[in-house]
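Undergrad: Before we start, here is the structure in question, set down as structure tokens.
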Amino acid sequence: MPEGKYCNKTPVETPEEVNFLLSDTSGNTYYEEMESLDIDSDLLWKTIQNTFKSRLKTWLEICAHCGMCAESCFLYQVNNRDPKQVPAYKIQSTLGEIINRKGKVDNKFMRHAMEVAWAQCTCCNRCGTYCPHGIDTGIMFGYLRGLLYQQGFVPWEMKIGAGMHRTYRAQMDVTNEDFVETFEWMIEENEDEYPGLTAPVDKEGADILYTVNAREVKHYPEDLAEAAILFHIAGENWTIPSAGWEQTSLAMFAGDWAACKMQVESVYAAMERLKPKRMIGTECGHAHRATVIEGPYWAGRKDGLPPVESIHYVEWLAEALRTGKLKIDPSKRIKELVTIQDSCNYIRNQGLKDATREIISYIVEPGYFVEMSPNKEHNYCCGGGGGFNGIGIFRKQRNKALITKRDQILKTGAKLVLAPCHNCWDAIRDLEEEYNIGIRWSFLKPVIIKMLDIPDHLKPEE
Amino acid sequence: MFKKILFATSATEVSDHAARVAFNIARSYNAHLNIFHVLGVPSRGFSQVVVDVKTKERVDVDDDYMDWVKEEVTTYYSKYLDNGLESSITVTVGLPAREILRQAKDTKPDLILLGGSTGDEKDSVYKKNSAGSTLQKVARSAKCPVLVVNRPAASFWGGLSNITFGTDFSKTSDKAFDFAFKIAKALDCELNVFHALDIFSLSIGGILPQDDIEQKIREKLRTIRSRYETRLKELKNYSMEVLEGIPYIEIVKYARDNHSDLIVMAHHSRKIKSEDANLGDNVEQVIVRAGCPVISVNR
């Protein structure tokens, strides 16, 4: 059977197709079908010739097999230093092989490559920091995922996720109407407490265009309320777009390059339509990477930048606290040991470590903040990055991967972990459920709202 | 009085006493009862996995699973579901407080009835990382009164004859009074207006002489009269009382001594508690302790 009903090379593009794929519980049939999925070697080799360019070629070529990357990889450490978990080996034995064999690889090889690409690398890019040649295996795995996706060798949830983006321009089945309605609902729920609270939709020329993660709309709409409250208290002139509001990209995790482009272009279209001064995204790591760092290249933007200046939520928070737009009541600062999870995607990959530390300096009583070790750009992945969190067949490997973060947190002695990234937040949530270490974890928004010193004119009458 | 009731339940033993009350009211007042069950909490990032609230197992939720759970809920309440009771069953996935509020937004019930707590923080899959319990969140944000039956002893509802309304003279309390008054009038029952003088907040910085306390009690009684008596006179039976003590304890005692079958109180939405605070608000303490159902009104 070359192409399966569920598992095939065709992307999912309509609600019906998404639901059909979802109806195969846990992807059981999907993975059975994958075992006999044919490889289109001609297409694979042609794609490589068109897309495998100088940077990746050089990296694959100049790797000296020195092994400096080994210790940098938390998956190598946590898997008993198995040589097969050395980043250089992982990429050479997968992407390297496909190139060596000019795309003439078999089904078994591709299934193995899929496991390596999604269960042995979270694209955290830590190894790139330690390689004397600056080879970034995480980037190469991102590329390999693209090749695997094209051939249909992609974990079930990732195919669904990419399909969601193609169908809804969101990572979940949340429509534009759902988004606006949910935001309005949240305003309604909170306007008594915060008189004058609004979430202006499609306001042109606002100072801030706010984009989110669809999971907030679907499961945690409080997050939308909290964003609105903080902008409101800070006196910001902000807006949300009625379309192009989803900042995340499971398509990036899936390696669905075309969907990556579609998704990010929807956000850029909102920027171009509404002409805000800046775009600010929610507390999410990969969303920032997708929309702000990699997105411009997917969209073919020559300057490598989004249409308007785009900053991460933590940069806005730090700025709002620094400029006094948001004031903290010092008596309400955190007075217990607390640590922060550095998200790979905007700390290591964009250098925003100072922004989060600056926020900490306002919200934590001096003496109570404990750094993880290592930290900042050297911090380890939460254990669930790059899509690892959501993939059922690799759950065992993922749970093992959480051990690094668990032990880092335990070592700090902190019971509260700030995690300004959806993916890290999820991984830490799951690690508490798996290992019961007795911690709490939180985004920054709810923590900050609790300690705000709200100006009298913004308080409700009574 | 009640046309549409939303009964949020775990469909387990802890909700049994609430279920008795829910089915009882629905039957007595010919209301439509929507039995609402949040079967599990989303887990594992964007995957389809949820942690099932009953089994605490991780399951892949699909339509079959939802149907199966719906079937389970139907079976669980089968003994109540006959005799032409108008009801529907809704099963969903998400964080309970949020999903209850979402369902209430969509169906606009006159009353939300919450089942019992699903156990202590450690066991419950519902409460993981929530800022405050389901009860706190729903009571804070619901647009209609929220009825809670927390103790088995509070589950008797053989019709209403005696209501205790606890007031702190706030605006929200006035709203709660309107509601208590409406029920009392519609169902022809006795309404007792009660205020507890908080001697602890009064006595900060020293012990208060009893004369001063009694002076305050007289003042508060006058406030009750001026605020509520004109309307109370429309009822056949009513009373007004002020006692000193710890407010939530006094209210619970007062309701017990008066054989009240319902307590109505305001919920102050602005005092939402942080995740590590216990139920601190008076109404929440009353809910935990009362020997009858408690209705919390926030707007």
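Undergrad: Put +1 on the Cβ of every Lys and Arg and -1 on every Asp and Glu Cβ in the range B:4-154; which of B:G84, B:L101, B:F46 then has its Cα farthest towards the positive end of the dipole?
TA: B:L101
Undergrad: About its Cα centre, what dipole magnitude does the range A:1-112 give when the only charges are +1 on Lys and Arg Cβ and -1 on Asp and Glu Cβ, stated in debye to the nearest 20? List each step's numbers first, then the result.
TA: On the way: 14 positive and 16 negative charges, 157 e Å.
That gives a dipole near 760 debye.
Undergrad: Considering only Cα-Cα distances, which of the following residue pairs are longer than 28 Å: A:K46/A:K400; A:K325/A:K411; A:K5/A:K261; A:K332/B:K216?
TA: The answer is A:K46/A:K400; A:K325/A:K411; A:K332/B:K216.
Undergrad: Once Rh is set to the Kirkwood radius over Cα pairs, what Stokes-Einstein translational diffusion coefficient, in µm²/s, holds for the protein assembly as shown at a temperature of 20 °C and a viscosity of 1.002 mPa s?
TA: Diffusion coefficient, whole number: 76 µm²/s.
Undergrad: Follow-up. Would you kindly give the portion of the calculated P(r) for the range B:162-297 that falls above 24 Å, as a percent of all Cα pairs?
TA: It works out to 28 percent of all Cα pairs.
Undergrad: Something else: Restricting to Cα atoms and excluding each atom paired with itself, what does the Kirkwood estimate give for chain B in Å?
TA: Its Kirkwood hydrodynamic radius stands at 20.1 Å.
Undergrad: What's the ranking of B:282-294, A:395-407 by average number of surrounding C-beta atoms within 10 Å, highest first?
TA: Packing order, densest peptide first, comes out as B:282-294, A:395-407.
Undergrad: Kindly state, to the nearest 0.05, the FRET efficiency for A:K332 paired with B:H259, given R0 = 25 Å and r defined as their beta-carbon distance.
TA: 0.05
Undergrad: OK, next. Give me a single rounded figure for B:62-68: the average over its residues of other chain Cβ atoms within 10 Å of their Cβ.
TA: Per-residue shielding by partner chains comes out at 2.
Undergrad: Just need the relative contact order of the range A:168-311 here, percent rounded to a whole number, with Cα pairs under 8 Å and 6+ apart.
TA: About 27 percent, as a whole number.
Undergrad: Give me the percent of DSSP beta bridges within the protein assembly as shown that run antiparallel, rounded to the nearest 5.
TA: Antiparallel bridges: around 15 percent, rounded to the nearest 5.
Undergrad: What list of whole percents do you get for P(r) of the range A:327-450, with Cα-Cα distances grouped in 5 Å bins up to the one holding the largest distance?
TA: 2, 11, 22, 24, 20, 12, 5, 2, 1, 0
Undergrad: Within the range B:4-154, count lysine pairs with alpha carbon atoms under 15 angstrom apart where the residues are 8 or more positions apart or belong to different chains.
TA: Value for the range B:4-154: 15.
Undergrad: To the nearest 10 degrees, how steeply does helix A:353-363 sit against the main Cα axis of chain A, on a 0 to 90 scale?
TA: 30
Undergrad: Rounded to whole Å and sorted largest first, list the principal axis extents of the Cα atoms in the range A:227-377.
TA: That gives 48, 37, 23 Å along the principal axes, largest extent first.
Undergrad: Out of A:Y210, A:L95, B:F179, whose Cα points farthest toward the positive end of the dipole of the protein assembly as shown (charges: +1 Lys, Arg; -1 Asp, Glu; placed on Cβ)?
TA: A:L95
Undergrad: Are there cysteines in chain A with no second cysteine's Cβ under 4.7 Å away, and if so, which?
TA: That list is A:C7, A:C63, A:C66, A:C73, A:C121, A:C123, A:C131, A:C260, A:C284.
Undergrad: List the trypsin sites (Lys or Arg not before Pro) within the range B:1-46 that DSSP assigns to loop and that have no more than 16 neighbouring Cβ atoms inside 10 Å.
TA: Those that pass, being in a loop and sparsely packed, are B:K3.
Undergrad: Let me ask something else about it. Add -39500 (n - 2.57) for each DSSP H run of 4 or more in chain A, then divide by its residues: what number comes out at 222 nm, to the nearest 500 deg cm²/dmol?
TA: The per-residue figure over chain A is -13500 deg cm²/dmol.
Undergrad: I've got another one for you. By how many degrees, 0 to 90 and rounded to 10, does the Cα axis of helix A:313-322 deviate from the longest principal axis of chain A?
TA: 30
Undergrad: Let me ask another. Using unit Cβ charges (K, R positive; D, E negative) and no other charged atoms, how large, in debye to the nearest 20, is the dipole of chain A about its Cα centre?
TA: With only Lys, Arg, Asp and Glu charged at Cβ, the dipole is about 2240 debye.
FYI, it's all coordinate maths here, none of it is from the lab. Note that the coordinates shown come from a computational prediction; the quantities given were computed from them, not determined experimentally. Cβ coordinates were reconstructed from backbone atoms using ideal geometry, including for glycine residues, and neighbour counts include every protein chain displayed.
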